[in-house]
Amino acid sequence: MLDERDAAGPGREWPTGVPDATPPIRAAGGVVWRPADDPGVAAEGPDAARASCGGPLVCLVHRPRYGDWSLPKGKLEPGEHPLVAAVREVAEESDVRAVPQVRLTTVRYRSEGRPKVVDYWSMRAVAAGGFQPATEVDDVRWLGVDEAIRLVSYPHDAEVLAAFAALPPVTGTVALVRHAHAGKRATWSGPDTGRPLDARGWAQAHALAPLVAAVRPVRLLSASARRCVQTLDPAAALLDLPIEVDGDLDEPRPGQQPDECALAAAARLAALAATGESVGVCSQGKVIPGALARLSGRPDDFTTPKGGGWLLAFAGDRLLAGDRL
């Protein structure tokens, strides 16, 4: 295998943990996969028979500039979130629309004398156009994972593929966000459920919209508080979807125990994920940590800031991974 540091230009290795004064180039991409029996996708290479027996096919691209086979990826645009960039770059390089699922290995190396950081996600292919060869990418192949590992030109791509291969099958994806900033409760004279987003909160809601849209949700669900519904408004407009209000996502009412709400929210999220479809959900700060702790079975810190969120990947009703957005 070649080393992409050399393929991209001269430079030394970027040692892990050693500070570098040069701002890194940020990039993102994905291991895009689809079932071997997906219509219109044919496996190539000697691993095709094994893939057709149940394993997924993954997408590799050929770059004529470097003469290499690699995972689809590309640089972030100014101000772009890595997850959004990963989905965009996959679509631009391979003409595949994909749903991100689990964050994989982050790769670090030098490119043209600068440090480079590439974030990768596993992604389920959900739509594809007719690929046309171009100057940046002139060929696309769908291969079984073992054959893809043998074909890629760089060791770090093989490592990312191996991390993907170690994952259990992902069946459902949820973009879970906490409502955006809504001022202080003490300054709002009406019922707390009616407290609206402030200017900062609307900016956060608009920033969240492309992240929610990246998972291509078929439904949007919100806790009943006004600030929760408003947080999903920009995403709803972007996706042309209605917002469904769901009381199972609400904070505790007077006299209600927090654990009771966490249990209800966890059960709701698991049920949504078990449908096998991607969904977008907005809940509240007193609900999300407890619900995720129950779903994960781990005492991790799931505190979520206002306007923050999680990319959740499920196998059936079981939470496999949670990636902070």
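The values are calculated or read from the model by the stated rules, or taken from the named source; none is laboratory data. Keep in mind that this is a model prediction, so the values were computed, not measured. Glycine gets a Cβ as well: all are built from the backbone with ideal geometry, and neighbour counts include every protein chain shown. The area values use the complete protein model at the heavy-atom level, side chains included, leaving out ligands, DNA and RNA. Shrake-Rupley method; radii C 1.70, N 1.55, O 1.52, S 1.80 Å.
Given Cα pairs under 8 Å that are at least 6 residues apart, what percent is the relative contact order of the stretch 83-203?
For the stretch 83-203, the relative contact order is 18 percent.
Select from GLY194, VAL170, ALA209 the residue farthest towards the positive end of the dipole of the chain; place +1 on Cβ of Lys and Arg, -1 on Cβ of Asp and Glu, and compute about the Cα centre.
GLY194
Given a cut-off of under 8 Å on Cα pairs at least six residues apart, what relative contact order in percent is computed for the chain?
18
Looking at the square roots a ≥ b ≥ c of the eigenvalues of the Cα gyration tensor of the stretch 155-199, which shape do they give, rounded for a/c under 1.5, prolate if a/b is larger than b/c, or oblate?
Note, shape of the stretch 155-199 comes out prolate.
Between THR193 and ARG324, how many nm apart are label points set 7 Å from Cα along the C-beta direction?
3.2
Compare the Cα positions of PRO234, CYS59, VAL102 along the charge dipole of the chain (+1 at Cβ of Lys, Arg; -1 at Cβ of Asp, Glu; about the Cα centre) and return the one farthest towards the positive end.
PRO234
What dipole magnitude, in Debye to the nearest 20, does the stretch 93-182 give about its Cα centre under +1 on Lys/Arg Cβ and -1 on Asp/Glu Cβ?
480
If you look at just the Cα atoms of the chain, how large are its Rg and its Dmax in Å?
Final numbers for Rg and Dmax: 21.2, 69 Å.
Is the stretch 276-325 rounded, prolate or oblate when judged by the Cα gyration tensor, a ≥ b ≥ c being the square roots of its eigenvalues, rounded requiring a/c under 1.5 and prolate requiring a/b larger than b/c?
Because a/c hits 1.5 or more and a/b fails to exceed b/c, the stretch 276-325 counts as oblate.
Residues of the chain: accessible area per residue at 1.4 Å, in Å²?
Accessible area per residue: 44 Å².
Please work out whether the stretch 123-267 counts as rounded, prolate or oblate from its C-alpha gyration tensor, where a ≥ b ≥ c are the square roots of the eigenvalues and a/c under 1.5 means rounded, while otherwise a/b larger than b/c means prolate and anything else oblate?
Here the stretch 123-267 falls in the prolate category.
When the dipole is taken about the Cα centre of the chain, and only Lys, Arg (+1) and Asp, Glu (-1) are charged at their Cβ, what size is it in debye, to the nearest 20?
I would put it at about 1040 debye.
Under a GNM of the chain (C-alpha, springs under 10 Å), which listed residue has the highest mean-square fluctuation: VAL218, VAL170, VAL287?
Residue with maximal mean-square fluctuation among VAL218, VAL170, VAL287: VAL218.
Using only Cα atoms, tell me the angle between helix 258-274 and the longest principal axis of the chain; keep it within 0 to 90° and round to the nearest 10.
The angle comes out at about 40 degrees.
With runs of 4+ DSSP H residues as the only contributors, calculate the mean residue ellipticity of the chain at 222 nm using -39,500 (n - 2.57) per run, divided by the residue total and rounded to the nearest 500.
-9000 deg cm²/dmol
Which angle from 0 to 90°, rounded to the nearest 10, does the C-alpha axis of helix 199-214 make with the longest principal axis of the chain?
40
Put a dot 7 Å past each Cα toward the Cβ at ASP240 and VAL126; how far apart are the dots in nm?
According to this spin-label approximation, the distance is 1.5 nm.
Mind checking the angle between helix 226-239 and the chain's longest principal axis? C-alpha axes, 0 to 90 degrees, to the nearest 10.
Helix 226-239 sits roughly 30 degrees off the main axis of the chain.
Mind checking the log10 I(q)/I(0) for the stretch 69-169 at q = 0.15 Å⁻¹? Debye, one equal scatterer per Cα, no solvent, two decimals.
-0.64
Given a 1.4 Å probe and every protein chain left where it sits, what share in percent of the accessible area of the chain is carbon and sulfur?
53
Any idea how far apart ARG26 and ASP139 come out in nm if each label point goes 7 Å out from Cα toward Cβ?
3.4
Could you order LYS75, LYS184 so the one with the most accessible surface comes first? Probe is 1.4 Å.
Sorted descending by solvent-accessible area, the residues read LYS184, LYS75.
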